[in-house]
Amino acid sequence: MAHKTLLAIDQGTTSSRSILFSEFGEVLDIAQKELEIITPHSGWVEQDPKHIWDDVLQTANVVLKRANIKPTALGITNQRETTIIWDRSTGEPVYNAIVWQDRRTADLCNRLRAEGYEELITDKTGLLLDPYFSATKIAWILDNVNGARERAEKGELAFGTPESWVIWNLTGGKKHVSDATNASRTMLYNIREQCWDNELLEMLDIPKSLLPEVLDNVADFGVADALTQPLKICGAAGDQQAALIGQACFDKGMIKSTYGTGCFALMNIGSEFSVSKNRLLTTCAYCLNGNITYALEGSVFIAGAAIQWLRDGLQLFGSAPESEALALSVKDNGGVYMVPAFTGLGAPYWEPEARGLICGLGRETEKAHLARAALEAQAYQTLDLIGAMCDDSGIAIDTIRIDGGLSRNDFMCSFLSDILNRDVEVPKVNEATAWGAAVLAAIGIGVFEDFEDAKTRWQRQKLFQSSMTVSERDKLCQGWKEAILKVRS
């Protein structure tokens, strides 16, 4: 009997990709298109929603054309918090997509914080009051795009994060839906009661008619009629939650950390909602059959993007993989530290006005030290997150599972294990995010019975174990703490 295949659409910040998987998690085919970032002002980050949709459509159709057999189902994963508002009748966006990295609403967040709203927001949504999330981006579009508020109040406009926009287009406008994980990142969704929150909508004067219907992560998201081969859309999740699923972190206390544009660590904390004491986020990990599982999340805004900046901005090397050889060409960091707070500091600091820093430069500093400092920064940033998670949960962690582009960098992985003093596992299926979307689709269409099927398919490719002495680790970490203090001052 022929094995079944699953199509995953992975609409990310830097590219849109379509990946064909076997039911065993093997990558059979990939099509990818890079996505342009638009930065009209300092701190503003936008994308063209039409390009997002066109790229998704093109890559999916390329994979479908090359496939020997029709995939059984389609799963979707996406960059979260990125905000798109469009006309319900024409499908035309009213403004560019405002990307999660965008900081234009920092002043509005400060005003709401001064008015005492942050505790209310955290208690209902598990999030902090920050420009990162969708809510203030929606308010900005309504307040700054001519006629947008009036049209929204008449019910003429629709809001969605990228999965919602893609599903709307795939189904020819038949489905205006989101899933529980993406809804939980808007700062408008009550994750205790699992509904859009009227008090939060009123806070920002956002009409409820704008918002999509929220479904479980495995659900009927409609039929993708726009593809050359129509497919049932059976699963959707935001990229970081999809990676948690793809890494089979279904047991309480398991952690995955993804190193893409940013770095995002999630810890499964089970079915009980709790608010972090360390300014981490509590978020929906996944929702199946109406039952929600929560996660603690630490978000670092710049991970792989720091390597891109060294490559494109400073032109220190020609391709991202070259950073590893460069870092290994020097015996240590030479006292150089990089804090890549290019778009503010994320967890556990949450300082949107902070900016990046390179310190410890001397006459002996070479470009290799800068490359090494950028890679080492990922370990220090993760250490801050994992320490906060262990403190919040009371769970001792001995292993983390990692994925994303930087997980292919053995120097980064080894240094991460050294600084965390924990085992680091890299999976055989490095496309953990897309595989997580495929897993949801597989459950939705009946190829998998439940998450246990996905757990049995998870395989480790590499294991990194710490070999650093305590004194060496303490000395390096002290240097990082001093660098963070410089940024925060």
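Test Ser16 against the criterion of being of a type in the set (S, T, N, Q) and assigned to a loop (DSSP other than H, G, I, E, B), and give yes or no. In short, no.
Out of Asp87, Asp54, Asp29, which single residue is closer than 16 Å to Ala226 by Cβ and surrounded by fewer than 20 Cβ atoms within 10 Å (Cβ to Cβ)?
Working: Asp87 fails: closer than 16 Å to Ala226 by Cβ; Asp29 fails: closer than 16 Å to Ala226 by Cβ.
The unique qualifying residue is Asp54.
Quick check on my filter: what residues within segment 401-437 are hydroxyl-bearing (Ser, Thr, Tyr), farther than 17 Å from Phe21 by Cα and either modelled with pLDDT under 95 or surrounded by 21 or more Cβ atoms within 10 Å (Cβ to Cβ) (or both)? Selection gives Ser407, Ser417. Among residues of segment 392-421 that are more than 22 Å from Gly253 (Cβ to Cβ) and of a type in the set (Gly, Ala, Ser), those with a beta-carbon under 9 Å from a residue that is surrounded by 18 or more Cβ atoms within 10 Å (Cβ to Cβ) and modelled with pLDDT under 95 at least six positions away or on a different chain give the pairs Gly405/Tyr259; Gly405/Gly260; Gly405/Thr261; Gly405/Ala303; Gly405/Gly304; Gly405/Ile307; Gly405/Asn430. Whether a residue is of a type in the set (Gly, Ala, Ser) and surrounded by 18 or more Cβ atoms within 10 Å (Cβ to Cβ) was assessed, and Ser471 does not pass this test.
Apart from one condition, Val145 fits all of (1) modelled with pLDDT under 95; (2) out of contact with any Lys or Arg (no Cβ under 6 Å at 6 or more places or on another chain); (3) more than 27 Å from Asn291 (Cβ to Cβ); (4) not polar (S, T, N, Q); the exception is (1).
Rundown of residues vs (1) surrounded by fewer than 17 Cβ atoms within 10 Å (Cβ to Cβ); (2) in contact (Cβ under 8 Å) with a residue 12 or more places away in the chain; (3) under 18 Å from Gly444 (Cα atoms); (4) among the charged types (D, E, K, R), yes/no style:
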| site | (1), (2), (3), (4) |
| --- | --- |
| Gly12 | no, yes, no, no |
| Leu20 | no, yes, yes, no |
| Gly25 | no, yes, yes, no |
| Glu34 | yes, yes, no, yes |
| Glu46 | no, yes, no, yes |
| Gln58 | yes, yes, no, no |
| Gly75 | no, yes, yes, no |
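Annotation: of all residues in segment 327-377 being farther than 23 Å from Gly43 by Cβ and within 28 Å of the chain's Cα centre (by Cα), the one that is surrounded by the most Cβ atoms within 10 Å (Cβ to Cβ) is Ala371. Only a single item in (1) at positive phi; (2) surrounded by fewer than 16 Cβ atoms within 10 Å (Cβ to Cβ) is not met by Glu81, and it is number (2).
Screening Leu316 against (1) at pLDDT 90 or above; (2) over 13 Å from the mean Cα position of the chain (by Cα) leaves a single unmet condition, (1). Residues in segment 110-135 that are touching an Asp or Glu at 6+ places or on another chain (Cβ under 8 Å), surrounded by 18 or more Cβ atoms within 10 Å (Cβ to Cβ) and in a helix (DSSP H, G or I): Leu112, Lys124, Thr125, Ser134.
Scanning segment 228-261 for residues that are within 25 Å of Glu118 (Cβ to Cβ) and either at pLDDT 95 or above or surrounded by fewer than 24 Cβ atoms within 10 Å (Cβ to Cβ) (or both) returns Gly238, Gln241.
What number of residues within segment 26-43 are part of a loop (DSSP other than H, G, I, E, B) and in contact with an Asp or Glu (Cβ under 9 Å, 6 or more places away or on another chain)?
In the first step, residues of segment 26-43 are kept if they are part of a loop (DSSP other than H, G, I, E, B); the result is 26, 35-37, 39-43.
Keeping just the survivors that are in contact with an Asp or Glu (Cβ under 9 Å, 6 or more places away or on another chain) gives 35-37, 39-40, 43.
Looking only at that region, the number is 6.
When Ala295 is tested against (1) at pLDDT below 95; (2) not in a loop (DSSP other than H, G, I, E, B), only condition (1) is not met.
Just checking, does segment 208-221 include any residue being within 26 Å of Ala341 (Cα to Cα) and of a type in the set (Gly, Ala, Ser)?
No, segment 208-221 contains no residue that is within 26 Å of Ala341 (Cα to Cα) and of a type in the set (Gly, Ala, Ser).
Being surrounded by fewer than 17 Cβ atoms within 10 Å (Cβ to Cβ) and at pLDDT 95 or above is true of Gln478. Within the set of pairs 6 or more residues apart or between chains, which connect a residue that is in contact (Cβ under 8 Å) with a residue 24 or more places away in the chain inside segment 172-197 to a residue that is surrounded by fewer than 16 Cβ atoms within 10 Å (Cβ to Cβ) and of a type in the set (Phe, Trp, Tyr) with Cβ atoms less than 8 Å apart? Close Cβ pairs (under 8 Å, with a partner that is surrounded by fewer than 16 Cβ atoms within 10 Å (Cβ to Cβ) and of a type in the set (Phe, Trp, Tyr)) amount to Ile191/Phe273; Arg192/Phe273.
The values are calculated or read from the model by the stated rules, or taken from the named source; none is laboratory data. Because the structure is a prediction, the values reported are computed rather than measured. Methodologically, a virtual Cβ is constructed for each residue, glycine included, from the backbone with ideal geometry; neighbour enumeration extends over all protein chains shown.
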